[in-house]
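For reference, the structure discussed in these notes is given below.
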Amino acid sequence: MAAHRCVSSALLVFVCVLSVFTVARSQETTPPGGHGAPATDGPQTVTETTGQTAGQPAAEERRWEATEVKEATPDESAAEEQEAPAADTAAPSAGPRPKDDFQEELVIRPLHSGDIYASFQFRTLWETDFTRENKVSHYRLFPKSLGQVISKFSVRELHISFTQGYWRTMQWGQPYQPSPPGAELWVWFQDSVTDVDETWKELTNVLSGIFCASLNFIDSTNTVQPSASFKPLGIVNVTDHRFLRYATLPREIVCTENLTPWKKLLPCGSKAGLAVLMKSEKLFHSSFHSQAVHIRPVSPTSWELRQTLNVVFDLHTSGQGKREWSLFKMFSRTLTEACPLASSSKIYVDVTDNPQGEQFELSPATPLLSQEVVLGDRRTFSVYDLTQQITFGTVRSLNLLIRWKSSEGDMLRPLLHGERYVAGYGLQTGEIHTLMYNYHPYRSFPVLLLDSVPWYLRLYIHTLTVTSKGKDNKPSYIHYQPSKDRLRPHLLEMLVQLPPNSVTEVTVQFERALLKWTEYTPDPNHGFYVGSSVISSLVPSIVAMDTNITQERPLFSSFFPCKEESSYFVRVYTEPLLVNLPTPDFSMPYNVICLTCTVVAVGYGSLYNLLTRSFQIEEPSPGLAKRLANIIRRMRGVPPL
Amino acid sequence: MAAPLTLLLLVAVTLRAALFRAGLTDLISGRVEVVSPLTAWKRVVEGLALLDLGVSPYSGDVFHETPLIIYLFHFLVDYAEITFILADVITAVALYLAVKDYNKQVFRKQRYALEADRYPLDCLEIIRSPKEMYYIPLKVAMFYLLNPFTILSCVAMSTCGLNNAVIALFILSTIKGNVLLSAIFLSLATYQSIYPLTLCAPALLYLMQRQYIPVNFRRAGFWWFIAQYAFMYLGSLFVIVGLSFFLLGSWDYLPSVYGFILSVPDLTPNIGLFWYFFAEMFEHFRLFFLCVFQINIFFYTIPLSIKLKEHPVFLIFMQLAVISIFKSYPTVGDIALYMAFLPVWSHLHRFLRNIFLVSCVLLACSALFPVLWHLWIYAGSANSNFYYAITLLFNVAQILLISDYFYAFLRREHHLTYGLYLKRKDGSEATLVLK
């Protein structure tokens, strides 16, 4: 009896505490109107999700949070699987939804060069508030390591990418998520951060540990604060660029040790779902590899984590000339299941150029087709929904296979393209040329060019010329921050109008500095890397934008928020530059110090000599015998000879 | 005397104008021997461009000129070539007038000494005659205007030419005995590049000599004069610095100009000793050697002033030479200024010991600078040590040159007191040695 009473009283106390807690929390987050208002700014998917969650009663949410998270998980995922839509693209589910949600998808795009572009995206949405006072301690799908980083460093938005290889825009078209070679990191901090530079430094060191990358080499000499090129992608309440930091490490080499921690951030790891395909020996045997993490708030109380991985496989050479690929060939694995924690898990294959199946044959065939406007172009995709058992067929495994029939057909040329190179010879001066191509036949559009050049290439801004079609094209906006030696790089941002069907050339001269011998890299004659220029633009769309915005769209088509219906946002990265600097002779610091000091001593010595001595008549010195005799005579006290 | 000078000026101006018209500016202004990060015209233009963009020219590390220069060229940028030619002409004319006046005084002093029978009898052959002194001012102007170093510096539009003009005006006003103008030009020169500060010692000595104030620490007149000069100097320096502050609205230029001169962050090769030394320096010794090298320049002032207190003009020459050898960003324009004084000491030639060797080395080095630079930077077949070796040799030659002149000057003074043909006790011909 006593035990019973004890248990019941404990239960009572627990309920009381719970109710008090719930009341307090619901008071804390009373204005529910905040969910809807800013969602219009965000991408379409955000609207959908936040709309659903906002519609639920607040009390239900609270209760859900207070109960044990572990118990809820299997039920929820089971419910998700049952609820999955049968034929159409996902319909909104009616039942109670968890506060976090995970989606995965893979887009496969056969490229005209014979390569295959595979783009993975994993999205975790979580309704929580990292900025509030008490720390978030219960993590389910969202990786704890990143959540702690967000709350500790008051991060508003974080974008990090690691890329090996250069995206060939003219052969492959635009990527879904552009990224420069090497590592790129840009972060918006909350406006509550007082010392942004210090926070940034700590953050880069922490991220360096999380991703096993050399991000700790990001310091003030390669960090800039772009004024216009990098706007927040989530909901906006701070656009003062004092809270933005942007840095690239063009020399960063991406490999397995960066992929493993990246995979660990996924809820299923690499155990189930699409992530089983990510075998590093295959992913890094490719022409292009880029992995990224994007964190942004999509409403005042919910955060989105997107992990993306883009690979381009050169199957033409590895396939012994046969143009044929399959999942197994690419990844040496086939798919058997979706990630049990995912609310949606899909594979899209771009079949736009193959409407009647005359170019390639796709097997197994799927009845599901989806049309999306992505990067200003209406594309058709075959969709494989992995949450349905029927997708895996009788062999309980999905191995997509494309067999080419003809290699004809041409690619839609990207409208915006950028190139960069260094001109000049010798190690004294040089000139950076940036070429921007506008292939639009009749429309001109403005682009924002961002250049961050290290301090040891001293730019001369008065030599800046912008020419298109042989004429001077004056930028309408220039933001230039000159470098400080050993402190900060040059930052050049400008808004240039690109005339239709033209090449715009931006040139600027620079001078190569001689560094201290300790400032050179271990292989100084390899050269120094200069990060890619970033060209950001709203490019006029070829296809009019889909007016039916309520329709749910796949993730890859909704990354950048589009405000203007007739144009879409594109960011193009140019090649990084490799520039040689004059080098001192590393083997002889001692010699140089000795020789220079000798010369100074010669100067000092000869002047000292003339200053302290006076002219005297030289008397012939007496012979040795006489001197000895004089010494003896002096000792004897006799006058010398 | 005015006609040859006019002719010389015409020739010099025509030569420069022709070189400007020949489009050699771009070629020459890229030479590291001719322009330094402090004086490069390209950087002045960059500063003007930054000013036009609304960015402070001192927020970056490209522009290191003083605010007065940038505002001068803000108005004169279209007439820059004429400005630089004019600066050279002013320098030459100022030196011409200064040396003319100085020679007059030297001659007067010599006459008094002769009348007082102060010189030994056998010294007549080292007594200076008005005939040999007649062409010295013209030679000085010619040495400055037709020196290839000056011409290169002018065609490259190195602002070193302007600094030289200020220093030449300072020398002129000092020799003319104008205390106020001397202090103003000295403060301008100091403001342009810190090192001319050491020229205040010869200026004080000369002005006191001229006003018959004895250099005696116990006399109030001596201190009163120093206080006057210091007041005028500091006052004008304060006005100039304040003016620069009001032109720019910030003190950014102080670290960017003077911090840059003193801490030597830019290691672009030049003809000086600093660049390679500090490129190869061990990090923990950097500050120590920086202090040693900078103090070295200022250090010679005191002992030289004591030794040469009767000869302030020679002291000016020595100081200019020391500055141009040991300063942190020297260019050939600095060398040209002190070389212009060499004709003034033409009477010392019989006492010079190794002038032939030194002039050969200087000529050879001047020719080798561009060759080795090309081999290192463009051909890639040599490395930095080659160029460094030439800078070392060039500086050794300069040091030998000025110590030789110093030696000859002291020796002549010794002979003027003790006679030219000295005899030993036993009557045989004696040799003079420093002991």
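Some notes on this structure:
- Strands (runs of 3 or more DSSP E) contained entirely in the stretch A:449-520, each with at least 3 residues that are touching a residue at least 60 places away in the same chain (Cβ under 8 Å) and either more than 17 Å from A:SER533 (Cβ to Cβ) or within 12 Å of chain B (Cβ to nearest Cβ) (or both): A:477-481, A:502-512
- Entirely in the stretch B:20-99, the helices (runs of 4 or more DSSP H) that have 3 or more residues that are within 9 Å of chain A (Cβ to nearest Cβ): B:41-53
- So A:SER270, is it part of a loop (DSSP other than H, G, I, E, B), over 15 Å from the mean Cα position of the chain (by Cα) and of a type in the set (Ser, Thr, Tyr): yes
- Put simply, of A:PRO441, A:PRO446 the only residue that is touching a residue at least 40 places away in the same chain (Cβ under 8 Å), away from every other protein chain (no Cβ under 14 Å) and in a loop (DSSP other than H, G, I, E, B) is A:PRO441.
- Residue count for the stretch A:577-592 satisfying the condition of being closer than 15 Å to A:PRO522 by Cα and facing chain B (nearest Cβ under 9 Å): 5.
- Residues in the stretch B:390-417 that are surrounded by fewer than 16 Cβ atoms within 10 Å (Cβ to Cβ) and not charged (D, E, K, R): B:THR417 alone.
- Residue list for the stretch A:335-351, filter: of a type in the set (Val, Ile, Thr) and either modelled with pLDDT of 90 or more or part of a strand (DSSP E or B) (or both): A:ILE347, A:VAL349
- Selection within the stretch B:399-417 - more than 19 Å from B:VAL313 (Cα to Cα) and either more than 8 Å from chain A (Cβ to nearest Cβ) or of a type in the set (Asp, Glu) (or both): B:HIS415, B:THR417
- In the condition set (1) within 12 Å of chain A (Cβ to nearest Cβ); (2) under 30 Å from B:ALA367 (Cα atoms); (3) in contact with a helix residue (DSSP H, G or I) (Cβ under 6 Å, 6 or more places away or on another chain); (4) assigned to a helix (DSSP H, G or I), B:LEU320 is compliant with all but (1).
Every residue, every condition in (1) in contact with a His (Cβ under 6 Å, 6 or more places away or on another chain); (2) at pLDDT 85 or above; (3) within 30 Å of B:TRP376 (Cα to Cα), yes or no:
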position: A:THR380; (1), (2), (3): no, yes, no
position: A:SER407; (1), (2), (3): no, no, no
position: A:ALA423; (1), (2), (3): yes, yes, yes
position: A:TYR442; (1), (2), (3): no, no, no
position: A:TYR460; (1), (2), (3): no, yes, yes
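So that you can scan it fast, the table gives a plain yes or no per residue for (1) in contact with a strand residue (DSSP E or B) (Cβ under 6 Å, 6 or more places away or on another chain); (2) under 30 Å from B:ILE175 (Cβ atoms); (3) free of Cβ contacts under 8 Å to residues at least 12 places away in the same chain:
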{"residue": "B:PRO4", "(1), (2), (3)": "no, yes, no"}
{"residue": "B:ALA12", "(1), (2), (3)": "no, yes, no"}
{"residue": "B:ARG21", "(1), (2), (3)": "no, no, yes"}
{"residue": "B:GLU33", "(1), (2), (3)": "no, no, no"}
{"residue": "B:VAL45", "(1), (2), (3)": "yes, no, no"}
{"residue": "B:LEU68", "(1), (2), (3)": "no, yes, no"}
{"residue": "B:ILE82", "(1), (2), (3)": "no, yes, yes"}
{"residue": "B:THR91", "(1), (2), (3)": "no, yes, no"}
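- Meets criteria (closer than 30 Å to A:TRP404 by Cβ and out of contact with any Cys (no Cβ under 6 Å at 6 or more places or on another chain)) for A:VAL293: no
- Filtered residues of the stretch A:352-378 (kept if part of a loop (DSSP other than H, G, I, E, B) and among the charged types (D, E, K, R)): A:ASP353, A:GLU358
- Test for B:ALA80: is it hydrophobic (A, V, I, L, M, F, W, C) and modelled with pLDDT of 95 or more: no
- Taken over the stretch B:381-398, the criterion of being more than 8 Å from chain A (Cβ to nearest Cβ), in contact with a Gly (Cβ under 9 Å, 6 or more places away or on another chain) and either of a type in the set (Val, Ile, Thr) or over 21 Å from B:ALA336 (Cβ atoms) (or both) is satisfied by B:THR391 alone.
- Residue count for the stretch A:199-220, restricted to those that are crowded, with 18+ Cβ neighbours inside 10 Å and hydroxyl-bearing (Ser, Thr, Tyr): 2
- Residue that is farthest from A:TYR604 (Cα to Cα) [pool: residues in the stretch B:379-389 that are touching a Ser or Thr at 6+ places or on another chain (Cβ under 9 Å) and crowded, with 21+ Cβ neighbours inside 10 Å]: B:SER384
- Qualifying residue in the stretch A:469-489 (condition: in contact with a Ser or Thr (Cβ under 9 Å, 6 or more places away or on another chain) and β-branched (Val, Ile, Thr)): no
- Among the criteria (1) surrounded by 18 or more Cβ atoms within 10 Å (Cβ to Cβ); (2) among the small types (Gly, Ala, Ser); (3) within 20 Å of the chain's Cα centre (by Cα), the one A:SER280 does not fulfil is (1).
- Looking across the stretch A:438-459, the residues that are more than 24 Å from the chain's Cα centre (by Cα) and buried (at least 20 other Cβ atoms within 10 Å of the Cβ) come down to A:ASN438, A:TYR456, A:LEU457, A:ARG458, A:LEU459.
- Enumeration of residues in the stretch B:276-301 that are within 10 Å of chain A (Cβ to nearest Cβ), in contact (Cβ under 8 Å) with a residue 12 or more places away in the chain and hydrophobic (A, V, I, L, M, F, W, C): B:PHE277, B:PHE278, B:ALA279, B:PHE289, B:PHE293
- Qualifying residue in the stretch B:362-378 (condition: surrounded by 19 or more Cβ atoms within 10 Å (Cβ to Cβ), within 27 Å of B:ASN103 (Cβ to Cβ), touching a residue at least 40 places away in the same chain (Cβ under 8 Å) and in contact with a helix residue (DSSP H, G or I) (Cβ under 8 Å, 6 or more places away or on another chain)): no
- Matching residues in the stretch B:251-274 - criterion: being facing chain A (nearest Cβ under 7 Å) and in contact with a Leu (Cβ under 7 Å, 6 or more places away or on another chain): B:LEU267, B:THR268, B:PRO269
- When the stretch B:297-328 is limited to residues that are crowded, with 24+ Cβ neighbours inside 10 Å and aromatic (Phe, Trp, Tyr), the one that is nearest to B:PHE143 (Cα to Cα) turns out to be B:PHE317.
The values are calculated or read from the model by the stated rules, or taken from the named source; none is laboratory data. What you see is a predicted model; the values in this text were computed from it and never measured. Heads up, the Cβs are rebuilt from the backbone with ideal geometry, glycines too, and the neighbour counts pull from every protein chain shown.
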